[in-house]
Amino acid sequence: MFMYQLFKKTKKRSGITLVEIMVGSAILAFIGGIVGHWFFMQRQYQRRIFEISDGQQSIRQTSWAMMQELRTARSVLFPRLNPDNSIHSDSKVVFKSFSGDVICYYYNASQREIRRCKIPNGPGAPEFDPEPIAKDVSQIIFTASDDGNRLIDIFMEIKGSFGLESVYLMNE
Amino acid sequence: MKKSGFSLLEIVIAISLAVTIFIPAMNMFSTAGQAVYKTRNFSFANSVARRISQRLMVMPFEDIEEVPLPGVALCDAPDGSFFGPFFNNTASSAGLRRITQVDMPEFYDYLERYNFRYSLSVSNVSFGDGDEIKSVGILITWNETDKAMMSRLYVYVPTL
């Protein structure tokens with residue numbers, strides 16, 4: 001009995017107490033919460049940045065593809081100015097290309113994409129391009145704004161980026 | 001008996017220090033993000049300038065006039081400017097729509113947030129035999145976190 005009490009008195013305590021564990025856990029949880037929230041916010045921010053970057057790139061490519069063909073077109077068939085000379089907009093544009101083909105760029109709202117097709121001059125079904133010109137398009141507006149129908153304004157919104165272009169028909 | 005290993009306090013301080021150093025290091029991602037926003041605005045400003053340049057081609061020569069700084073705002077642009085009216089899905093002037101909070105809320109918010117404006121600097125060049133050209137400087141200005149930004153494009157419009 002005497003030896004046990006002596007052992008108890010001389011033995012040095014080691015390890016950590018429950019209170020220390022709880023305080024440590026609370027501090028770590030607090031820091032973890034802050035860092036976790038920050039990471040979540042950063043992830044959201046990065047996603048938004050990538051979307052804007054993708055949208056911007058998509059607008060550039062789409063504008064380029066359509067403008068190249070429209071610039072050298074012979075005439076715009078639709079849209080054209082209204083009878084009272086006011087501007088007229090639509091989600092599609094139809095024009096006669098440099099080579100004489102009737103080309104249409106149109107917005108497919110259900111798929112949120114812009115597509116291109118060639119309409120035959122005579123009887124026959126339109127030939128659709130296998131791939132869309134652009135995807136994830138929120139809106140597109142083609143506007144005829146010149147009384148000579150030589151100018152087409154294009155407004156696009158893709159993933160929060162906006163594109164604003166005008167094409168002057170050089171051949172008209 | 002000699003103590004060995006780390007105490008809990010040491011570990012907590014070490015983690016706090018690591019986090020304090022780590023967070024500023026991660027801020028470089030937000031810097032990259034700001035660069036994307038900047039590029040988007042420059043890209044948009046270029047497209048606005050191209051739009052104006054194309055419309056100058058169909059304008060009557062004598063109607064091409066100076067628009068001094070600070071220029072015309074793209075949102076709520078007055079009628080007769082390059083951006084008003086903006087679109088019309090109907091078959092008469094009754095359906096004209098403009099870049100206003102009501103007609104185009106998202107686009108309007110974007111333009112208003114950065115205060116996009118355009119100005120024109122027009123110089124006449126005469127060749128003496130009746131031929132004339134106009135040298136038009138198109139300035140697009142906007143604000144990014146109180147910093148004034150500008151993009152410019154020069155076009156030459158002949159009388160013909």
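Of the residues that make up the stretch A:45-52, is at least one closer than 30 Å to A:ASN149 by Cβ, more than 8 Å from chain B (Cβ to nearest Cβ), assigned to a helix (DSSP H, G or I) and among the acidic types (Asp, Glu)?
No: zero hits.
Please specify each residue of the stretch A:81-126 satisfying the condition of being acidic (Asp, Glu) and modelled with pLDDT of 95 or more.
A:ASP90, A:GLU113
Within the stretch B:85-93, can one find any residue that is in contact with a helix residue (DSSP H, G or I) (Cβ under 8 Å, 6 or more places away or on another chain), surrounded by fewer than 16 Cβ atoms within 10 Å (Cβ to Cβ), on the phi < 0 side of the Ramachandran plot and of a type in the set (A, V, I, L, M, F, W, C)?
No, that holds for no residue.
Looking at the structure I just gave you, is B:ALA45 without any contact (Cβ under 8 Å) to a residue 12 or more places away in the chain and in a helix (DSSP H, G or I)? Walk me through it before giving the result.
Values: without any contact (Cβ under 8 Å) to a residue 12 or more places away in the chain: no; in a helix (DSSP H, G or I): yes.
No.
Take the stretch B:17-48 and flag every residue that is more than 18 Å from the chain's Cα centre (by Cα), facing chain A (nearest Cβ under 7 Å) and modelled with pLDDT of 80 or more.
none
Of everything in the stretch B:80-95, what is without any contact (Cβ under 8 Å) to a residue 12 or more places away in the chain, closer than 19 Å to A:GLU165 by Cα and not hydroxyl-bearing (Ser, Thr, Tyr)? Give them in sequence order.
B:GLY80, B:PHE87, B:ASN88, B:ASN89
So, in the stretch A:116-152, of the ones that are at the interface with another protein chain (Cβ under 7 Å from one of its Cβ atoms) and closer than 30 Å to B:TYR37 by Cβ, which residue ends up surrounded by the fewest Cβ atoms within 10 Å (Cβ to Cβ)?
A:ILE141
Can you find, within the stretch B:101-141, the residue that is surrounded by the fewest Cβ atoms within 10 Å (Cβ to Cβ) among those that are outside any loop (DSSP other than H, G, I, E, B), aliphatic (A, V, I, L, M) and without any contact (Cβ under 8 Å) to a residue 40 or more places away in the chain? Give the steps one after another, and end with the answer.
Initially, the stretch B:101-141 is screened for residues outside any loop (DSSP other than H, G, I, E, B), giving B:105-114, B:117-126, B:132-141.
Cutting the leftovers down to aliphatic (A, V, I, L, M) gives us B:111, B:120, B:122, B:125, B:133, B:136, B:138-140.
Still in the list and also without any contact (Cβ under 8 Å) to a residue 40 or more places away in the chain: B:111, B:125, B:133.
Working: B:LEU111: 23, B:VAL125: 11, B:ILE133: 16.
Within the stretch B:101-141, the match that is surrounded by the fewest Cβ atoms within 10 Å (Cβ to Cβ) is B:VAL125.
If you take the residues in the stretch B:65-108 that are among the aliphatic types (A, V, I, L, M) and touching a Cys at 6+ places or on another chain (Cβ under 9 Å), which one is nearest to A:ILE158 (Cα to Cα)? Walk me through it before giving the result.
Step one: of the stretch B:65-108, the residues among the aliphatic types (A, V, I, L, M) are B:67, B:69, B:72-74, B:77, B:91, B:94, B:96, B:99, B:102, B:104.
Remaining after also requiring touching a Cys at 6+ places or on another chain (Cβ under 9 Å): B:99, B:104.
Details: B:ILE99: 18, B:MET104: 15 Å.
In this case the residue turns out to be B:MET104.
Within the stretch A:151-172, count every residue that is assigned to a strand (DSSP E or B) and not hydroxyl-bearing (Ser, Thr, Tyr).
13
What is the residue count in the stretch B:49-99 for residues that are outside any loop (DSSP other than H, G, I, E, B), over 17 Å from the mean Cα position of the chain (by Cα) and either among the aliphatic types (A, V, I, L, M) or closer than 22 Å to B:ALA148 by Cβ (or both)?
Adding up the residues that qualify gives 5.
Has the stretch A:61-84 got any residue that is outside any helix (DSSP H, G or I), at the interface with another protein chain (Cβ under 9 Å from one of its Cβ atoms) and surrounded by fewer than 15 Cβ atoms within 10 Å (Cβ to Cβ)?
Yes; the residues of the stretch A:61-84 include at least one that is outside any helix (DSSP H, G or I), at the interface with another protein chain (Cβ under 9 Å from one of its Cβ atoms) and surrounded by fewer than 15 Cβ atoms within 10 Å (Cβ to Cβ).
Please name all residue pairs, on different chains or six or more residues apart, with Cβ atoms under 7 Å, provided the first residue is in the stretch A:75-92 and is more than 14 Å from A:LEU151 (Cβ to Cβ) and the second residue is hydrophobic (A, V, I, L, M, F, W, C) and in a loop (DSSP other than H, G, I, E, B).
A:ASN82/B:ALA91
Under 6 Å by Cβ, and 6 or more places apart or on different chains, what pairs join a residue from the stretch A:148-172 that is farther than 18 Å from A:PRO79 by Cβ with one that is part of a strand (DSSP E or B) and among the hydroxyl-bearing types (Ser, Thr, Tyr)?
Listed pairs, sorted by first residue: A:GLU157/A:SER138.
Pick from the stretch B:50-74 the residues that are acidic (Asp, Glu) and under 20 Å from B:PRO85 (Cβ atoms): which of them is farthest from the other protein chains (Cβ to nearest Cβ)?
B:GLU65
Say whether the condition of being within 17 Å of B:GLU62 (Cα to Cα) and charged (D, E, K, R) is met by at least one residue in the stretch B:115-131.
Yes; the residues of the stretch B:115-131 include at least one that is within 17 Å of B:GLU62 (Cα to Cα) and charged (D, E, K, R).
The values are calculated or read from the model by the stated rules, or taken from the named source; none is laboratory data. The shown structure was predicted, so the numbers you read here are calculated from the model rather than taken from an experiment. All Cβ positions, even for glycine, are placed from backbone atoms using ideal geometry, and neighbour counts span all protein chains on display.
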